Amino acid sequence: MDRVGGKTLSVPASSQGGLAELGAAWLNDTNQFYMYALVRKFGFELEIQRHKGLNLFEDSKGKMHSIEYGKEYLNDEFYEDLAKQAELTHLVHPELSQHAMKHDKMSFAEYAQQFSSKAEIIADDIAKTLLGVQAKDISALYMFNYTKSGTGLDNILSDLRDGGQYMRNRHGNQNFSVRLANDLKPDTVHLSAPVTKIEQHG
Ligand SMILES: Cc1cc2nc3c(=O)[nH]c(=O)nc-3n(C[C@H](O)[C@H](O)[C@H](O)COP(=O)(O)OP(=O)(O)OC[C@H]3O[C@@H](n4cnc5c(N)ncnc54)[C@H](O)[C@@H]3O)c2cc1C
């Protein structure tokens, strides 16, 4: 699509106004401090994500599950191991982590299959929600490292303060890049013009 925004896409939710996020939806005002600085700069209003009551999930087989918020992955062996592997991974040099080669050759889906069929569904949910890809399309090592870079699995999936899903942007997250692009010199952004080579001098 010929637009500024990348993995953010904010579309009108109805004729009454409001926006629905088809890409990145959440942010927070604590450990995402660079994004929060842009929120302040552009005057965006944030809404705290509702996190009371029940969560409803439809799994890949079309079955609905209703689970109390925060109890989704309690005592789940796969979830606990994933959190542990993320802890163990080397943040800056994932290739130096223990079993790095093995974990990088294995997809995140294959890693989950070792636990249970429910784990496969959870892995796919996590990959789709966080990255917009299927668990079979990323390596286990990538997911471990991504989880660590997001300050751990509990935090990355949390709707609570400091969590990755704490707040939403009433102005639409696509507007971050649209506003940044507007601040560039005219004719800096070229749509439909793929970069094929980057040269660095000096
Ligand atoms: C469904 C979904 C939900 C998400 N939810 C969240 C969330 O709630 N919170 C959160 O923090 N993150 C979330 N993310 C992740 C977040 O969207 C990304 O981390 C973020 O958008 C990455 O920004 P970026 O500018 O680095 O890359 P991108 O957004 O991927 O932008 C890269 C841009 O470069 C362009 N490009 C690529 N190759 C070339 C080329 N050769 N020449 C020219 N242009 C090129 C692409 O078309 C794209 O426009 C989500 C992602 C998805 C898909």
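The values are calculated or read from the model by the stated rules, or taken from the named source; none is laboratory data. What you see is a predicted model; the values in this text were computed from it and never measured. Because the Cβ atoms are built from the backbone with ideal geometry, glycine has one as well, and the counts that use them run over all protein chains shown.
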Review point. Yes or no: Lys118 within 23 Å of Asp81 (Cβ to Cβ), surrounded by 19 or more Cβ atoms within 10 Å (Cβ to Cβ) and in contact (Cβ under 8 Å) with a residue 40 or more places away in the chain?
Key: no
Study note, to complete from the structure: Within the range 173-194, residues farther than 30 Å from Ala86 by Cβ, of a type outside the set (Lys, Arg) and part of a loop (DSSP other than H, G, I, E, B) come out as Asp183, Leu184, Pro186, Asp187, Thr188, Val189, His190, Leu191, Ser192, Ala193, Pro194
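Would you mind stating whether Tyr142 is closer than 24 Å to Leu27 by Cα and not small (Gly, Ala, Ser)?
Values: closer than 24 Å to Leu27 by Cα: yes; not small (Gly, Ala, Ser): yes.
Answer is yes for this residue.
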Revision key, fill the gap. Residue hits (the range 149-198; more than 10 Å from the ligand (Cβ to nearest atom), basic (Lys, Arg) and at pLDDT 95 or above) are Arg170, Arg179, Lys185
Point to revise | Residue tally, condition outside any loop (DSSP other than H, G, I, E, B), among the aliphatic types (A, V, I, L, M), within 12 Å of the ligand (Cβ to nearest atom) and more than 28 Å from Lys71 (Cβ to Cβ), over the range 3-37 | key: 1
Exercise for review: Give the residue, chosen from Lys52, Lys63, Lys71, Lys41, that is exposed (fewer than 13 other Cβ atoms within 10 Å of the Cβ) and under 18 Å from Ala123 (Cβ atoms).
Suggested key: Lys63
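Report whether or not Tyr142 is of a type in the set (Ser, Thr, Tyr), in a helix (DSSP H, G or I) and more than 15 Å from the ligand (Cβ to nearest atom). Quick ask: steps written out before the conclusion?
Working: of a type in the set (Ser, Thr, Tyr): yes; in a helix (DSSP H, G or I): yes; more than 15 Å from the ligand (Cβ to nearest atom): no.
So Tyr142 fails the test.
Conditions tested, residue by residue: (1) of a type in the set (Asp, Glu); (2) closer than 30 Å to Gln114 by Cβ.
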residue	(1), (2)
Asn28	no, no
Met35	no, no
Arg40	no, no
Phe44	no, no
Gly53	no, no
Tyr69	no, yes
Tyr73	no, yes
Glu80	yes, yes
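Of a type in the set (Val, Ile, Thr) and either within 20 Å of Gln134 (Cβ to Cβ) or modelled with pLDDT of 90 or more (or both): which single residue out of Ile48, Ile67 fits that description? Step through it out loud before you land on a result.
On the way: Ile67 fails: either within 20 Å of Gln134 (Cβ to Cβ) or modelled with pLDDT of 90 or more (or both).
So the residue among Ile48, Ile67 that is of a type in the set (Val, Ile, Thr) and either within 20 Å of Gln134 (Cβ to Cβ) or modelled with pLDDT of 90 or more (or both) is Ile48.
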Revision key, fill the gap. Exception for Gly152 within (1) surrounded by fewer than 17 Cβ atoms within 10 Å (Cβ to Cβ); (2) over 20 Å from Glu72 (Cα atoms) falls at (2)
Revision key, fill the gap. Residue pairs within 6 Å by beta carbon, gap of at least six or interchain, first lying in the range 1-24 and modelled with pLDDT of 90 or more, second among the charged types (D, E, K, R) and not in a loop (DSSP other than H, G, I, E, B), listed first then second, are Ser10/Glu21
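Tally time: how many residues in the range 38-63 are in a strand (DSSP E or B) and of a type in the set (Phe, Trp, Tyr)?
Filtering the range 38-63 for residues in a strand (DSSP E or B) gives 46-48, 54-58.
Next, from what is left, pick out any that are of a type in the set (Phe, Trp, Tyr): 57.
Within the range 38-63, residues that are in a strand (DSSP E or B) and of a type in the set (Phe, Trp, Tyr) number 1.
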Exercise for review: Restricting attention to the range 3-55, report how many residues are under 17 Å from Ala181 (Cα atoms), in contact with a strand residue (DSSP E or B) (Cβ under 8 Å, 6 or more places away or on another chain) and among the hydrophobic types (A, V, I, L, M, F, W, C).
Suggested key: 4
